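Bear in mind that the values in this text are calculations on the coordinates, not laboratory data. Just so it is clear, the model here is predicted, and its values are computed rather than measured. Cβ sites come from the backbone with ideal geometry, for glycine too, and all protein chains shown count toward neighbours.
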Ligand SMILES: [Zn+2]
């Protein structure tokens, strides 16, 4: 029998409002705290949780950033002459993403989504490496680096596996009494919430499924460890669709040339702008200010959200949509989804959750604090 194990289970998009609305392990995990999400999407939330640092430090905010000199997609400029009908199909884009990933040796999550091929040469892609393994966020230290440094025997899920496979992999290491620390990663809740929203009738059954799996895991833990701490954490919540706005059409109606006058990356809930021809800056910003249900981020907000990049890596200006309003079409998709995240961290549906078997002396305020708390638990033997 081993002494103690600390388990941190990550459920993607299990936001504070969702936690409040449904039944989920109230007896096992009675100590609960909301935490402000990191401004952005999962592609910045996960690096924030795995390092405890802001995006200005770990450098991950959106998937794409303006970098024409070093773009790995330079050859794509010739593809604009090929028929759109094939290139716009999701299956084709997905298969093509797999090829790019292989050719470039990327070990991270890579998907080109709906980014127009001829625009790819203006961008570089941030998530080239697997974030969860040692050196995954180098030069910033991540969770795995910290565990290795402290010589703590650990298990971190492989995000390429299914939820069930990851739960079983952890259970096996518990049975073998191999580890003192675990980070269990599950992502299906996010996909479900995008499709059925936080009000979907499918949410309670999915939470019940997680609850059953957790209770089975705890049973094994109790047989193999004298003591344990268990926490369920998330990165953000999910906001139900209220409106769609075609921001791209509005900006392009001004007649400036993409790549020569300006560059824009249209995420589902925000646009990142870079200006090449200074003359178009004022026109584009004027237009952006007239777009309904949106606002340009102030410098104060950029500082507050840890995204005040000195080199404007993720845009000189960012237009953020109001909670519930999606940009359609965007570079992430041609259609809206019933639910989306990536709105203001101040909105109630954005808040992440922390649930635990025990109270915390210093509860988390922001998801980056999860890393600090996880680090403290590495030393609890
Ligand atoms: Zn998502």
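Below 8 Å, C-alpha to C-alpha, sequence gap of six or more: please give me the relative contact order for segment 233-381 in percent.
Numbers: 212 pairs, mean separation 52.2, N = 149.
About 35 percent, as a whole number.
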Could you work out, for segment 232-358, what percent of all Cα-Cα pairs fall into each 10 Å distance bin, beginning at 0 Å and stopping at the bin that holds the largest distance? 12, 41, 33, 10, 3, 1
All-pairs alpha carbon distance profile, segment 207-291, 5 Å steps from 0, percent: 3, 10, 16, 13, 8, 6, 6, 6, 6, 7, 8, 7, 4, 1
Provide 354, 274 in ascending order of the number of other Cβ atoms located within 10 Å of each residue's Cβ, fewest first. 274, 354
For segment 273-316 versus segment 151-203, the gap between their alpha-carbon centres in whole angstrom: 37
Whole-number D in µm² s⁻¹ for segment 10-65, Kirkwood Cα-pair radius fed into Stokes-Einstein, 4 °C, 1.567 mPa s: 100
Which whole-number percent is the relative contact order of the chain (Cα, under 8 Å, 6+ apart)? 33
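From the square roots a ≥ b ≥ c of the eigenvalues of the alpha-carbon gyration tensor of segment 127-240, which class results: rounded (a/c under 1.5), prolate (a/b over b/c), or oblate? List each step's numbers first, then the result.
On the way: a/c = 2.36, a/b = 1.21, b/c = 1.95.
Since a/c reaches 1.5 but b/c is at least a/b, the shape of segment 127-240 is classed as oblate.
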Once every DSSP H run of n ≥ 4 in the chain is given -39500 (n - 2.57) and the sum is divided by its residues, what mean residue ellipticity at 222 nm do you get, rounded to the nearest 500 deg cm²/dmol? -9500 deg cm²/dmol
Arrange 373, 174 by Cβ neighbour counts within 10 Å, fewest through most, would you? 373, 174
Rounded Å value of the spacing that divides the Cα centres of segment 205-241 and segment 338-381: 15
Have a look at 297, 193, 184 and tell me which one the Gaussian network model of the chain (Cα, springs below 10 Å) gives the largest fluctuation. 297
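Fewest first, what order do 73, 309 take by the number of other Cβ atoms within 10 Å?
Working: 73 22, 309 16.
Least crowded to most crowded, the residues run 309, 73.
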With the cut-off at 1.5 for a/c, could you classify the chain from its C-alpha gyration tensor as rounded, prolate or oblate? prolate
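Using alpha-carbon pairs under 8 Å, 6+ residues apart, how would you state the relative contact order of segment 1-160 in percent?
Working: 158 pairs, mean separation 34.0, N = 160.
RCO, segment 1-160: 21 percent.
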Would any residue of segment 187-206 have its amide N under 20 Å from a label point 7 Å out along Cα→Cβ of residue 94? List them or say none. 187-197
